[in-house]
Every structure is written in C-alpha cells, then in structure tokens.
Amino acid sequence: SLASESIEALSERIHSAVSRLMDARNFFLAIYDGKTETYTFPYFADERDSGTMDQSKPIKLGKGFTEYVRRSKTPLLINNALVQDLVDRGEVEIIGSRSESWMGVPLFDGEEVMGVLVVQSYADPDAYSEEDLSILTYVSSHISLVLKELQAEEALQESEFFFRESQEAAVIGSYRLDFVKSVWVSSDVLDRIFGIENGYSRSVSGWLDIVHPD
C-alpha cells in the first residue's frame, strides 16, 4: 500500500501519475516545517535547477512562489503577466530559473499547510489551464492524507528507535502486560536482564514465575 512507502518513494509514484495528466517534467514536492520555518524536498525533478538543489538540507525559501502558496493557502496558476504583477506588489521574488508557466497547490494538514506540490514549464506559457489546476488540487487532497499517515509512521519509528537506544544505554528494560488477554511483551534489554529465552511462555503466570518464583 502507499502508506507502507517512504515519502520519497511515494513522491516518485505521484510524479509518474501526474505526468500522465499534464506536463510534469519539472515537478517537486516541498514539505514545510512550521517549527523551523524551513522546507525539505523529498522529491525534486527539474530540467534546470536539479543540480543546484541539496535535498538533504532544510532551507528557507524567502518570498518565492512556493512560499506564497503556503502563506495564501490557495492554489496558484501563473504566467509571465501574473508573475510581474506579484513581483511589482512585493508578494513574491523570483527564486531559481524563471519558468514560462508555474502551478502550485497546497497540501493541507487540517487548517495548516504541510507542503506544496509544484509543476512548471520553462518553454510553454500555456502549459497549464484552470482545468489542470483543478486536477492537481483534487490530487493534492489525497496526497495530503497519505503524507500525514507516512509522517506519523516515520515519527513513531523514530520514537521507537530512540526508546530502544535509551534502554540499551541505561540497561533498563520494559514490558507491557495485558491481563485481559493474559499475555505480555518485553524489550530485548529486559529479556537479557531476566535471561528470558525465545520459547518462554509469555502468559501472566509465566511473568509471575519470573518476578516471584517463590
């Protein structure tokens, strides 16, 4: 399922799907971190700027189009005329190579924007239409749901990793005992402390035999 993939793998599949609907040779996914006010780019495909983008480092985007979409929380389709209007009004600044046509849609986490999905064309000022914007907006709503699930899974995995490492460093074990189901599970450190082998009966009585053998 999509939820079992990494964000990078998911982004690649999204790129492939969007490419069948419109010109998506230049496509990227920007994820926003409100705590640091920075963006990361789990996926960035660009004919001109790919070589200049360090995807491993969070960056601030200033007043670019991507940041404008996040701030306005509104899908944006722009051509050269609208670009100049936004620049003249001080709403945006040109960042990176200037495109002939640019389209970006916000990815929502509740009321807040968690990221922006972008396609752009360097050659065709009429590459995208309002219909394309509607399609990308529809796609973004489904992408947002999956991204939220992926981020939650990654956060859980990271939390579990640090929990295990902390137990190893402090030589402290942990367990969860379910009296309703009469079973328990324990960490590797706890198993080593008590000398519990893999085939040991993990029932309530088995647990009591370890803790209170008398």
Check your understanding: Cβ-Cβ below 7 Å, separation at least six or inter-chain, first residue in the stretch 13-24 and under 12 Å from Gln120 (Cα atoms), second in a helix (DSSP H, G or I) and charged (D, E, K, R): which pairs?
Key -> Met22/Asp132
**Study point:** Test: Gly104 is in a strand (DSSP E or B), touching a helix residue (DSSP H, G or I) at 6+ places or on another chain (Cβ under 6 Å) and either surrounded by fewer than 19 Cβ atoms within 10 Å (Cβ to Cβ) or of a type in the set (Gly, Ala, Ser) (or both)
**Key:** yes
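Go through Asp191, Asp209, Asp132 for me and flag whichever is acidic (Asp, Glu), assigned to a helix (DSSP H, G or I) and within 30 Å of Ser19 (Cβ to Cβ).
Details: Asp191 fails: within 30 Å of Ser19 (Cβ to Cβ); Asp209 fails: within 30 Å of Ser19 (Cβ to Cβ).
None of the others qualify; the one that does is Asp132.
Could you tell me whether any residue of the stretch 205-213 is under 24 Å from the mean Cα position of the chain (by Cα) and touching a residue at least 24 places away in the same chain (Cβ under 8 Å)? Working first, answer last.
Here is the first cut: in the stretch 205-213, the ones under 24 Å from the mean Cα position of the chain (by Cα) are none.
No; the residues of the stretch 205-213 include none that is under 24 Å from the mean Cα position of the chain (by Cα) and touching a residue at least 24 places away in the same chain (Cβ under 8 Å).
Residue by residue, here is whether (1) open to solvent by less than 20 Å² (accessible area, probe 1.4 Å); (2) over 18 Å from Leu107 (Cα atoms); (3) modelled with pLDDT under 85 holds:
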| position | (1), (2), (3) |
| --- | --- |
| Ser11 | yes, no, yes |
| Ala24 | yes, no, no |
| Ala30 | yes, no, no |
| Gly34 | no, no, no |
| Tyr39 | yes, no, no |
| Tyr43 | no, no, no |
| Gln55 | no, yes, yes |
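Going by the structure shown, is Ser134 under 30 Å from Phe108 (Cβ atoms), at pLDDT 80 or above and open to solvent by 60 Å² or more (accessible area, probe 1.4 Å)?
Taking the combined requirement at face value, the residue satisfies it.
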Study note, to complete from the structure: Of (1) in contact with a Lys or Arg (Cβ under 9 Å, 6 or more places away or on another chain); (2) open to solvent by less than 70 Å² (accessible area, probe 1.4 Å); (3) modelled with pLDDT under 80; (4) not hydroxyl-bearing (Ser, Thr, Tyr), Asp85 fails just (1)
Review point. Only one of Asp209, Asp188, Asp178, Asp126 is modelled with pLDDT of 85 or more and farther than 30 Å from Lys73 by Cβ; which?
Key: Asp188
Review point. Just a yes or no: is a residue in the stretch 165-175 part of a strand (DSSP E or B), of a type outside the set (A, V, I, L, M) and open to solvent by 50 Å² or more (accessible area, probe 1.4 Å)?
Key: yes
Review point. Going by the conditions given, is Ser121 of a type outside the set (Phe, Trp, Tyr), more than 22 Å from the chain's Cα centre (by Cα), at pLDDT 90 or above and buried (at least 16 other Cβ atoms within 10 Å of the Cβ)?
Key: yes
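The values are calculated or read from the model by the stated rules, or taken from the named source; none is laboratory data. Predicted model, so just to flag it, every value in this text is computed and none were measured. In this analysis, Cβ positions are derived from the backbone assuming ideal geometry, glycine residues included, and neighbour counts consider all displayed protein chains. Ligands, DNA and RNA are stripped out before the accessible areas are found, and what is left, the full protein with its side chains, is counted by its heavy atoms. Shrake-Rupley method; radii C 1.70, N 1.55, O 1.52, S 1.80 Å.
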